[in-house]
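*Asks:* Encoded as structure tokens, here's the structure I'll be asking about.
The values are calculated or read from the model by the stated rules, or taken from the named source; none is laboratory data. These numbers were taken from a predicted model, which means no experiment stands behind them. Don't worry about glycine lacking a Cβ; one is built from the backbone with ideal geometry, like all the others, and counts go over all protein chains shown. Keep in mind that these areas ignore ligands, DNA and RNA; they rest on the heavy atoms of the full protein, side chains included. Shrake-Rupley method; radii C 1.70, N 1.55, O 1.52, S 1.80 Å.
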Amino acid sequence: MHTEQVTTADSRLDRRQAAFQRWAPYFLLGLGTLLAAASSGVLMPFDDQRKAALALVGTALVMQLWWSWSGRIHRGPNAMSVTYYVVRWAIGFALTILNGFFAFYVVAGYYDADELIPGRKRRRLALFACTIPVAGAQTGGFPLHGAGWPVFAGLVVANNVLLTVVKHFADQQEARSQARADTITELQQAHAENAALQAQLLVQAREAGIADERRRLAAEIHDTIAQGLTGIIAQLQAVANTSDPDVIQDRVGRASELARHSLGEARRSVQNLAPAGLSYDGLPEAMRKTVDQWSARTGVPAEFTLTGAAQHLHGEFAATLLRITQEALANVSKHAAATRVGVTLSFMDDEVTVDIRDDGKGFDPLAVPARSGAGGFGLEGMRARAERIAGSLTVEAEPGFGTAISAHVPLVRHA
């Protein structure tokens, strides 16, 4: 927002500066003409002087109108702009000889020398040339002899020193403005690159999440549904090999029990393809419900804590944290024999973390067996989940002293 405001302000300033440079010669010519006309009885007492001044003013006006039209086509600095600048100076110099008030028209050269004259040395020469008629107007004419020459020379030097100082500060201000514009451009480019990287990260996270869910579902099917179907086949084969009604009834009952259990596992697996809690609640509330439901189901006291200002996370990041929490709690119920569990969700400036701690029997992290292709979704799976969205997972455990799992992921808000 701030960058856009600065860019708009700079653009507005550039438009005003361009308008000033376009209309300043007209204004200064008009001002000089008005003052010269008012003082013509004293400063231009002869008709020839007035006619010459009128002709030069008309020529200057026609030239200004021509440049206002052609200057847009032949934008300087180039040979055309230099010619315009020199001719304008010559007309202003001639007018100043006739009446000192026409020096106002010469002053226009102070403002647009940078736009019309190429090269620093040539610009300095052009500015120096402008100070000559200005100094002549200040001395009441151009002294060709006598004691007026030192005064005229002193005024030329003074005007050039003053002009040099003003030009120096103007150049510094322009350099700062250019540096600020370059910085804004770099920030905009960096913002665009960050947006592209974030979009790429989200795409990768989504693809990785889909692949991970497929592997998880395959493992669950292997561990539950496939084993249940195998058991059903075994029971039905036993029925086919006996004629004892009691055995048949027992085997059919077992097959029915296995079928109901497999159906329940199939429904649970389908429901777990996406965290259902996130469909209705934000991550903090979904995680709180997950902890409460796990505690009610296992009978192990569990406490959920939220720290920091909760943010509406992007769906992939919220789902990853919730899945890691669910799997960590499942591991606690299977292996930890804990009497108390604590889950903390923390929102920080650029990161979100979830910590799952228990006071169970712990384990040696270095002795954890490698995950098999048909195994469950354990520590390595949780770590893979976090790493796929540029996060990380750390485990602190020691036999007899419980376990602490901490997942860190970037804070990516919901678009």
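*Asks:* State yes or no: is P143 open to solvent by less than 60 Å² (accessible area, probe 1.4 Å), at pLDDT below 80 and under 18 Å from I97 (Cα atoms)?
*Replies:* Answer is yes for this residue.
*Asks:* Within the stretch 344-354, can one find any residue that is outside any strand (DSSP E or B), modelled with pLDDT under 95 and closer than 23 Å to A208 by Cβ?
*Replies:* Yes, the stretch 344-354 contains at least one residue that is outside any strand (DSSP E or B), modelled with pLDDT under 95 and closer than 23 Å to A208 by Cβ.
*Asks:* Related question: Considering only the stretch 280-304, state which residues are touching a residue at least 24 places away in the same chain (Cβ under 8 Å) and open to solvent by less than 50 Å² (accessible area, probe 1.4 Å).
*Replies:* G282, L283, P284, A286, M287, T290, V291, W294, S295, V300, A302, F304
*Asks:* Does any residue in the stretch 251-277 that is surrounded by 15 or more Cβ atoms within 10 Å (Cβ to Cβ) and part of a helix (DSSP H, G or I) come within less than 9 Å, Cβ to Cβ, of a residue that is of a type in the set (D, E, K, R) and at pLDDT below 75 six or more places away or on a different chain, and which pairs are these?
*Replies:* These pairs meet every condition: E265/E220; E265/D223; S269/R216; S269/E220.
*Asks:* Also: Under 8 Å between Cβ atoms, at least 6 apart or on separate chains: pull out the pairs that start in the stretch 378-393 with a residue that is on the phi > 0 side of the Ramachandran plot and end on any residue that is of a type in the set (A, V, I, L, M).
*Replies:* Every condition considered, the pairs that remain are A390/L201; A390/V409.
*Asks:* Moving to a separate point now. Across the stretch 36-68, what is the total count of residues that are modelled with pLDDT of 85 or more and buried (at least 17 other Cβ atoms within 10 Å of the Cβ)?
*Replies:* Result for the stretch 36-68: 7.
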